[in-house]
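Visitor: What follows is a structure written as C-alpha cells; I'll ask about it next.
The values are calculated or read from the model by the stated rules, or taken from the named source; none is laboratory data. Everything numeric here is computed off the predicted structure, so don't read it as measured data. Here the Cβ positions follow ideal geometry from the backbone for every residue, glycine too, while neighbour counts run over all protein chains shown. Quick note on the areas: whole protein, heavy atoms, side chains included, nothing else; ligands and nucleic acids left out. Shrake-Rupley method; radii C 1.70, N 1.55, O 1.52, S 1.80 Å.
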Amino acid sequence: RFRNPVISNTYFQVVKNLRYKGFSSTTLMMHFDAGGGGDALQKAVDKLCLDAEKAVDEGKNYIILSDRGIDKDTAPVPSLLAVSAVHHHLINKRKRMQIDIVVESAEPREVMHFALLFGYGASIINPYMAFAIIDRLVRDKSIQLDYEKAEENYIHSINKGILKIRSKMGISTLRSYRSSQIFEAVGIHRDIIDKYFAG
C-alpha cells in the first residue's frame, strides 16, 4: 500500500522490483512506429491489450505501462488511450480484478491528466518527466527549494487537486473514483470511443 497514488521515481523502483510474497510485475511499452500513422498506433494498442491479458494468465499482480525509451523512430501511445484500452479489454475478458495498472509516463503533469488516468483504471502513476523538470528547476535555482521538498510539494498539490475533483463529484475515496469514467469525450477518434472508451 502507498500513501499517495502519485509516486516518486524512488518509490516507483520499489514497485517495479517488488518480489515480496509472490508479487510480480511485467512492463509493457507504450510505443508505436512513428512512421506508421494511425494503423501502427492501433496495432500497438491492440498488442498492449493482448500482452496485458497474457500477464494476467501468467499470474502477474500488476502491469506497468511505460513510455520510456522513445527515440526518433518510435512515438508514445497516449497514456490515457493505453490505460482505458487495457482496462476495458481485461473487463471484457473477465480478468480485470486480477491485476493493477501502474503508469510510468512523461505525459501526466497537470491535475486533470492524473484525474483522467485514475478515472480510467490506473492504480499508481509515476510522472517521471514532471520530476525531471522539477530537478532542472531546482538546479537552475528557479525554485528556491531543495529537490526533495519541491518533489513533495508537487505530489501534495496533485493529490489536493484530485481530492477537489472527487469532492465536487461527491466521491470520498480514490478507490471509488478509480475506473468510474465520469467524463464526457468531446470531439474524439467515433470508432475510438466505442472500442477503447466504452461507456
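Visitor: Could you look at the chain and say what percent of its accessible area is carbon and sulfur, using a 1.4 Å probe and all protein chains?
Guide: 52
Visitor: Compute, for segment 20-94, the length of the dipole vector about the Cα centre, with Cβ point charges of +1 (Lys, Arg) and -1 (Asp, Glu) only. Units Debye, rounded to 20.
Guide: Computed charge dipole of segment 20-94: roughly 320 debye.
Visitor: Got a number for the accessible area of Ser66? Probe 1.4 Å, square angstrom, nearest 10.
Guide: Result for Ser66: roughly 0 Å² accessible.
Visitor: Turning to a different aspect of this structure: What does DSSP give for the chain in terms of the percent of beta bridges that are antiparallel, rounded to the nearest 5?
Guide: Of all bridge pairs located within the chain, approximately 15 percent are antiparallel.
Visitor: Which value at 222 nm does the chain reach when only helices count, each DSSP H run of 4 or more adding -39,500 (n - 2.57), with the total divided by all residues and rounded to the nearest 500 deg cm²/dmol?
Guide: That calculation yields -15000 deg cm²/dmol at 222 nm.
Visitor: Which of rounded, prolate or oblate describes segment 19-142 when judged by the alpha-carbon gyration tensor and an a/c cut-off of 1.5?
Guide: Cα axes put segment 19-142 in the oblate bin.
Visitor: Roughly how much of Ile99 is accessible, in Å² to the nearest 10, using a 1.4 Å probe?
Guide: Accessible area, nearest 10 Å²: 10 Å².
Visitor: A follow-up question, please. Once you order the gyration tensor axes a ≥ b ≥ c over the Cα atoms, which shape class does segment 126-199 get: rounded for a/c under 1.5, otherwise prolate or oblate by comparing a/b with b/c?
Guide: Oblate shape, in that a/c is at least 1.5 and b/c is the bigger or equal ratio.
Visitor: Another question about this same structure. Using DSSP to define loop residues, name the GluC sites (Glu not before Pro) in segment 48-130 whose beta-carbon has at most 13 other beta-carbon atoms within 10 Å.
Guide: Qualifying residues, ordered by number: Glu58, Glu110.
Visitor: Now for a separate question. What whole-number distance in Å separates the alpha-carbon centres of segment 141-187 and segment 100-123?
Guide: So the two Cα centres are separated by 10 Å.
Visitor: Largest first, how would Phe23, Phe118 line up by accessible area (1.4 Å probe)?
Guide: Phe23, Phe118
Visitor: Let's test this: bin the Cα-Cα distances of segment 85-132 at 5 Å from zero up to the farthest pair and state each bin's percent.
Guide: Pair shares across the bins are 5, 21, 27, 21, 13, 9, 3, 1.
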